Amino acid sequence: MGNPKVLELANHIGGKKSGSKSAYTYSDPEYLILEPIVTDEMAEVGLCLEFRNPKSAEEVAPLCGRSLKDTKRILWELAVAGVCFVGKKEGVDKYWLEIWVPGVMEMIVNNRENVKKYPQLAEAFDAYGKVRGPQTAGVFPIGTGLMRVIPIEMAIDGETRRASYEEVSKYLNENEIFSVSDCACRTVREAMGEGCGHLKEDMCIQMGHAAEFYIRTGRGRQITREEAFEIIKRAEENGLMHQIPNTDGPGKTHAICNCCGCSCLSLRTAEMFLNNDMVRSNYVSHVDKDKCVACGECVQVCPVNALKLGQKLCAEAQVVEKREDLPSNTKWGPDKWNPDYRTNRKNVLDTGTSPCKTQCPAHISVQGYIKLASQGRYKEALELIKKENPFPAVCGRICPRSCESACTRGNVDDPVAIDEIKKFIAEQDLNAEYRYVPKLRHEYGNKIAIVGAGPSGLSCAYYLAIDGYKVTVFEKQNVLGGMLTLGIPSYRLGKDVVNAEIDILKELGVEFKTGVEVGKDISLDDLRKQGYEAFYIAIGAQSGRKLGIEGEEAEGVFTGVDFLRNVNLGNEVKLGGNVVVIGGGNVAIDVARTATRVGASKVDMFCLESRKEMPALDEEIEEAMSEDIGINNSWGPKRIVTKNGRVVGVEFKKCISVFDENKRFNPKFDENETKIVKADTVLLSIGQAIDWGGLLEGLKMELNPNKTVKVDQATLQTGEADVFAGGDVVTGPKFAIDAIALGKEGAISIHRYVHPGQDLLIGRDRREYRAFDKSVLDFDEYDRLPRQRTDYVDGAKAKTSFEDLRATFTEEQVKKETERCLGCGATVVDEYMCVGCGACTTRCKFDAISLVRRYDVQNVPFEKLKPVIVKNMIARKGRMVTHSIKKTLTGSNKK
């Protein structure tokens, strides 16, 4: 049984008559949010207060039959609890009631002590929106909702029809007292363990009487006007948008909220219940497709998923949802809602977008940085690339270029030389004039340990450092870079390039400890005791694999990985005579080409695959052949031939096929067709293995049969809650760009993990992209333009040097090559879903998206809202009838 006095107070606040049909019950959120914090005497005194009619203790005391002293005490308790407002009126404290939302519920959950003590408070606030939200569908005319989006001011700077009430600066300049508090919505989400990673602290600004109340009751701290403007600026930089309480009357409000779509309980009205008219501003987004390059920045920052990536080469092939049923003209129920809106956001229309961004493992905005490069905006291009890949100079030299394989231009003539353009842009990062070092977004300060200084670990460190975490990278080798440094020869990736990229991490405050093997020199438990709160394991696949055949333990037989490591560490490595490299991948090519540079007189590669099936890139195979390296396809090793314990040759058997009918690796051999090849050294490059050392001892982390670690595929969390992993230890040996992409995902998970109440999945970008169907295009319509190329590198010269002799595009070549981009993608706006916040405009570097004033309505004070709603409800009934008839007629015509 509940407390009848508290229930009576709940009904009093809500303007309900106790016992009436519409009155609250003990199960309603309005009662449940009061029940833990309101005593009988507080309820009795609260019943003597009125909505927006301030009363002093002297006025309330006779009404409730209590002494003035007791009345003052109880009124203050009500104010501290958040049940009522208190403010100075002519030097006297006066108290009054407010509406539930925005009002009482926010004030209650902003009492930090109470919300921690009573989780029911957060649950009740959350339930309020779920219970009452659906009841508002189609009821409130545009501009009259209880909360309203106010556009980011710079988004409407060029809009001549804007009104002052649409400007954040108006409210800040009109008030004299300000406070900042935790975001009430994020406080609720955190208390329920459903945080989205956007943290609650210092988010919402109060003004005037609300600021006075928040400061006096300890809900917020006082700030200056200048600090308020700085909070607004920082929120916008971090992708947040603004809303204001919308019930104070035209051109008035008492707070500015800096909101995210993944936690805001007001925006839930638009996202979950699709009742967007309840919160929208007077504006909607408009995309100029001719300028748009589908970089996706606007899509990521849109709080309500109104923007998605599409394509602009064939309008007929693009399917955009047309909304006919709306809350304003249709009965609106659960069948119209999107209850999973916090986990089912889409980046791309079902009909797809540009294939380059889709195909890239890190989903870099290829089309975007190509356009910036065409305009000579190299630093901005670097900034765009580094949002997904902190190491463009590295990847410009070693990337497998999957984006080029998918490039639409390749269906016309040759793919755009995307990697060469990126390499040119990245070269600018080595130039002090254009060098891009990101601005720190936050200053969180939690200690995070990264184990392994390869591409994945470095990527994770980079993105954590940007958020102000204290990151330490532990590396067992004495050099940084992992396989970038130790597994890739300098003629492909100069160590100065790797070090230059790492220097930026050092500038961001990342600390490096080399020569420290975690699991041997120090354990994770030791690091936990030192205050490290989370870990990212990225030790890579740094060991070579053996064949398991006769003779491979003989002198002169090495794994290719060990061979490359020794050469890259500067150890004395001298080969002579005939060298046989077993393997057909990119690492095998590196091993063979390196062998020619350390004294081998003849190098031959043998692999199971046919020339067409070889996993190595065609370009790398051609470079190897230009250096007189023999490529012998369809041969598998049978045994290592030895004499006196040393290798003298390799016996091979003919490989008939490598894969079975299901494309699984299942080689078959002709045992009768064999040959022995003379060899003084054999280098095995048939794959890489993971050496865990003692890292896993005492931990709950589980391994797969191939020795990769088991992780949650979305969050990268291992069996140890505070341990995340990525790169080759999760995927097995892959390319650097794959490891880099996982490093960023690891950073996102760690950020969420170390802060209380944050969920690892809610509100997270699922990174799901799909390319549009190119078969719908007529490629004969496009002009043929020759692909720009760098000068040919003479293999005879190249094999004598470890210097990277490959040229970089000139600026003129970059200009010409960027002109070849077809500009496949463009952003598409769902104008109904758009709430006109303008966050998208702050991200666009191409002036391709803007806010257009679509409506011209102001709010009305809460006291005058009822007749406005009644009028709209009557009109809505008429619209519903008209819409139903129209749908019936349309359906009949279709039949």
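The values are calculated or read from the model by the stated rules, or taken from the named source; none is laboratory data. Small disclaimer: the values here were computed from a predicted structure and weren't measured. Using ideal geometry, Cβ is built from the backbone for each residue, glycine included, and neighbour counts are taken over all protein chains shown. All accessible areas refer to the heavy atoms of the entire protein, side chains included, with ligands and DNA or RNA removed. Shrake-Rupley method; radii C 1.70, N 1.55, O 1.52, S 1.80 Å.
Which residues, counting only those in segment 761-773, are crowded, with 18+ Cβ neighbours inside 10 Å, out of contact with any Pro (no Cβ under 7 Å at 6 or more places or on another chain) and of a type outside the set (Ser, Thr, Tyr)?
Correct list: Gly763, Arg764, Phe772.
Quick one: what pairs do we get from segment 35-56, first residue within 22 Å of Tyr118 (Cβ to Cβ), second buried (at least 17 other Cβ atoms within 10 Å of the Cβ) and of a type in the set (Gly, Ala, Ser), C-beta under 6 Å, 6+ apart or different chains?
Ile37/Ala81
Which of the residues spanning segment 441-453 are over 26 Å from Ala235 (Cβ atoms) and either open to solvent by 10 Å² or more (accessible area, probe 1.4 Å) or among the aliphatic types (A, V, I, L, M) (or both)?
Hits for segment 441-453 are Lys447, Ala449, Ile450, Val451, Ala453.
For every residue, the table says whether it meets (1) surrounded by 22 or more Cβ atoms within 10 Å (Cβ to Cβ); (2) under 19 Å from Lys312 (Cα atoms); (3) charged (D, E, K, R); (4) modelled with pLDDT under 95.
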{"residue": "Ile370", "(1), (2), (3), (4)": "yes, yes, no, no"}
{"residue": "Tyr378", "(1), (2), (3), (4)": "yes, no, no, yes"}
{"residue": "Pro390", "(1), (2), (3), (4)": "yes, no, no, no"}
{"residue": "Pro400", "(1), (2), (3), (4)": "no, no, no, yes"}
{"residue": "Cys403", "(1), (2), (3), (4)": "yes, yes, no, no"}
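Does segment 458-466 contain any residue that is open to solvent by less than 50 Å² (accessible area, probe 1.4 Å) and more than 23 Å from the chain's Cα centre (by Cα)?
No, every residue in segment 458-466 fails to be open to solvent by less than 50 Å² (accessible area, probe 1.4 Å) and more than 23 Å from the chain's Cα centre (by Cα).
Looking at Asn644, Asn662, can you tell me which residue is loosely packed, with under 15 Cβ neighbours inside 10 Å and at positive phi?
Exactly one of Asn644, Asn662 is loosely packed, with under 15 Cβ neighbours inside 10 Å and at positive phi, namely Asn644.
Which residues, counting only those in segment 243-262, are assigned to a loop (DSSP other than H, G, I, E, B), closer than 18 Å to Leu172 by Cα and open to solvent by 10 Å² or more (accessible area, probe 1.4 Å)?
Passing the criteria: Asp248, Pro250, Gly251, Lys252, Thr253, His254.
For segment 554-582: of the residues being in contact (Cβ under 8 Å) with a residue 24 or more places away in the chain and assigned to a helix (DSSP H, G or I), which is surrounded by the most Cβ atoms within 10 Å (Cβ to Cβ)?
Among residues in segment 554-582 that are in contact (Cβ under 8 Å) with a residue 24 or more places away in the chain and assigned to a helix (DSSP H, G or I), the one surrounded by the most Cβ atoms within 10 Å (Cβ to Cβ) is Gly560.
Just to verify a result, which residue in segment 485-509, among those that are open to solvent by less than 10 Å² (accessible area, probe 1.4 Å) and under 23 Å from Gly468 (Cβ atoms), is nearest to the chain's Cα centre (by Cα)?
It comes out as Leu505.
Consider only pairs whose beta carbons are under 9 Å apart and that are at least six residues apart or on different chains; among these, list those whose first residue lies in segment 653-671 and is within 20 Å of Ile640 (Cβ to Cβ) and of a type in the set (Phe, Trp, Tyr) and whose second residue is in a strand (DSSP E or B) and open to solvent by 60 Å² or more (accessible area, probe 1.4 Å).
Filtered contacts from segment 653-671: Phe669/Lys638; Phe669/Ile656.
Val45 versus (1) more than 47 Å from the chain's Cα centre (by Cα); (2) surrounded by 22 or more Cβ atoms within 10 Å (Cβ to Cβ); (3) under 24 Å from Ser22 (Cβ atoms): which is the lone unmet condition?
(3)
Output the residues belonging to segment 812-849 that are among the hydroxyl-bearing types (Ser, Thr, Tyr) and either open to solvent by 30 Å² or more (accessible area, probe 1.4 Å) or free of Cβ contacts under 8 Å to residues at least 24 places away in the same chain (or both).
Tyr832, Thr842
Taking interchain pairs and intrachain pairs at least six residues apart, which have beta carbon atoms under 7 angstrom, with the first residue in segment 172-198 and closer than 12 Å to Asn110 by Cβ and at pLDDT 95 or above and the second surrounded by fewer than 20 Cβ atoms within 10 Å (Cβ to Cβ) and polar (S, T, N, Q)?
Final answer for the pair search is Ser179/Gln222.
Conditions (1) part of a loop (DSSP other than H, G, I, E, B); (2) modelled with pLDDT of 95 or more, marked per residue:
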{"position": "Ile640", "(1), (2)": "no, yes"}
{"position": "Val677", "(1), (2)": "no, yes"}
{"position": "Leu699", "(1), (2)": "yes, no"}
{"position": "Gly719", "(1), (2)": "yes, yes"}
{"position": "Val730", "(1), (2)": "no, yes"}
{"position": "Ile740", "(1), (2)": "no, yes"}
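Cβ-Cβ below 6 Å, separation at least six or inter-chain, first residue in segment 536-553 and in a loop (DSSP other than H, G, I, E, B), second open to solvent by less than 70 Å² (accessible area, probe 1.4 Å) and of a type in the set (S, T, N, Q): which pairs?
Going by the 6 Å Cβ cut-off, the qualifying pairs are Ala538/Ser456; Ala541/Gln688; Gly551/Thr642.
Quick one: would you say Lys88 is assigned to a strand (DSSP E or B), in contact with a strand residue (DSSP E or B) (Cβ under 9 Å, 6 or more places away or on another chain) and open to solvent by 70 Å² or more (accessible area, probe 1.4 Å)?
Here the answer is yes, as Lys88 does meet what is asked.
Between a residue in segment 263-286 that is within 17 Å of Ile762 (Cα to Cα) and open to solvent by less than 10 Å² (accessible area, probe 1.4 Å) and any residue that is at pLDDT 95 or above and hydroxyl-bearing (Ser, Thr, Tyr), which pairs come within a Cβ distance under 8 Å, given they are 6 or more apart or on different chains?
Sorted first by the residue in segment 263-286, then by its partner, the pairs are Arg268/Tyr341.
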